[in-house]
Each structure stands twice: as structure tokens, then as C-alpha cells.
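See below for the structure under consideration.
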Amino acid sequence: MVYCPNCRAGNISGSKFCQSCGLPLSGQAQPAAHPAQPYPQNQPPGYQQPAYGPYDYQQYPGGYPPPPYPPAPQAGGDIIGKAQAYLNSFAGKVKEIVSTTNPILLSAMVILVVGMTVFLVLAFQLGWIKTAGSTATNTVTTKNTTPPVITLVQVKPGDNKGAIIYWVTDKPSSSQVQYGIWPNYTTMTAIQTDPTTGTNAGVLIHEVGLSSLTARSTYIYRCISIDKDGNKATSPDMQFQTAQ
């Protein structure tokens, strides 16, 4: 290797001219193989030679520094070493347990673990065990216990010596009237628009006709309404007078 005295570039032995700056090399005194100052001295004032690391070989003028070279560090080498040591220790513990455990007891433990695993899988599939976040919900229907409210009771004359009873309820319900010549209740009309049967929704405005009443008589009566939940409401006792 021949070094250029001008630019300190390395050239092949026997070269007549520097391949970097073109300076003739024949007859020039050659510097040492690894000069103490690898860069030329004609640098600008204040120039400082860069500090090269042990692995920046390509930046050394004239080639690589002399051996021996320290081994290049590996990324994550410390973590990998610790992990490898932990795995080796764990494997050793497992071997120690297996070698010192009674074979019959070890077989029983393996069978128990396998059996528990199969049981848990089947339990999850059959729904015996609920996963986190899933809760069984039971819908509880609360029965209404409030009876209808009867208001605006009225009586109007009807045909054939009869009368018509009117009233209003606050929710759909059935229509029925109990009546008789005062002071006794002797007759009950049939239930109309009964919502408890499921075939009728009930009504809010009620109308029940009474027929074949005795003339010039005082009748006592009361209105009865039942909602779909079976709650029964009965109006107070009332009276009306039939015509002549």
C-alpha cells in the first residue's frame, strides 16, 4: 500500500500517480502504514480531527486500523441472554419435578387436568357457565292492582218502560249494572265488553239498558266495571224513579 503525501489516500503498491489527487508518487518518501495523523495538515484553522468509533473502519484513511478488532455488539443481546437463561432455568425445574414425582401421581395429575379442561369446554358450550359480561335477565311482569274509577253516572228513560244507565271509567273495562226495587237488589245484567276474556278490550264510556221496569217505583242501582287485570270497581248506591 502506497500513501499519498499530499492527501494521505491509500494507493496500490507501484502506483505512479495518486488515484485521489493525481500527485506523482514515484520518488516520494512513503509515510508509515498507519500515520499518527491520518488527515493532511493543510486543513483550515480550527479544524478538529473527528473521533472515530472502533467500528467505523471505512472512515480510517488508508484502510482499516490494525487488529485485533473487538467483537461488534448485538442489538438486544443483554435481553436475549436473560431470556435464554430464564428458559433454561424453567426447563431445569420442569425436569427436576418430573424426575422426582411418582409416575402414578404424575399420571393422575395429567388425567385430572385433561378432564377439567374437557368439562369446562362442555360447560361453556352448554351454557352452564356464563362468560364475563353476560347476565341472565328474567322479565318480571308486575300486575296492575288499581281498579277503574267510575264517574259521570247518569240515568235516562228508555223504551218499553225501561231506563238506560251511563257512566265513564278512566281505563277500558267491562259494563254491568245491578238493580232492584228499593231497598233490595234483585237483578244483575249480563257483563258487556269484558276485557278479562281476551276477546274484548273494554270501553271507557259505558251504556247498559234496563227493561220491563215497574211503573211508579223507586229503583236502587249501582254500576260495576272490571279491567283486564280483574280489578273491580263498584259505584255508590243510586236511585231513580220510573214514570207513571
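The values are calculated or read from the model by the stated rules, or taken from the named source; none is laboratory data. Being a predicted model, the structure only gives us computed values, none of them experimental. Please note: Cβ atoms are built from the backbone with ideal geometry, for glycine as well, and neighbour counts cover all protein chains shown.
Please give the number of the condition Gln178 fails out of (1) part of a loop (DSSP other than H, G, I, E, B); (2) modelled with pLDDT of 95 or more. For Gln178, the failing item is (1). For Thr218, the criteria (1) modelled with pLDDT of 90 or more; (2) surrounded by 13 or more Cβ atoms within 10 Å (Cβ to Cβ); (3) closer than 18 Å to Ala243 by Cβ hold in every case but one, which is (2).
Select from the range 189-215 the residues that are of a type in the set (D, E, K, R) and surrounded by fewer than 17 Cβ atoms within 10 Å (Cβ to Cβ) and list them in ascending order.
Glu207
Out of all the residues in the range 40-51, is one or more modelled with pLDDT under 75, part of a loop (DSSP other than H, G, I, E, B) and within 60 Å of the chain's Cα centre (by Cα)? Taking every residue of the range 40-51 in turn, at least one turns out to be modelled with pLDDT under 75, part of a loop (DSSP other than H, G, I, E, B) and within 60 Å of the chain's Cα centre (by Cα).
Annotation note: Cβ proximity below 8 Å between a residue of the range 146-157 that is surrounded by fewer than 12 Cβ atoms within 10 Å (Cβ to Cβ) and a residue that is charged (D, E, K, R) (sequence gap 6+ or interchain) occurs for Thr151/Asp170.
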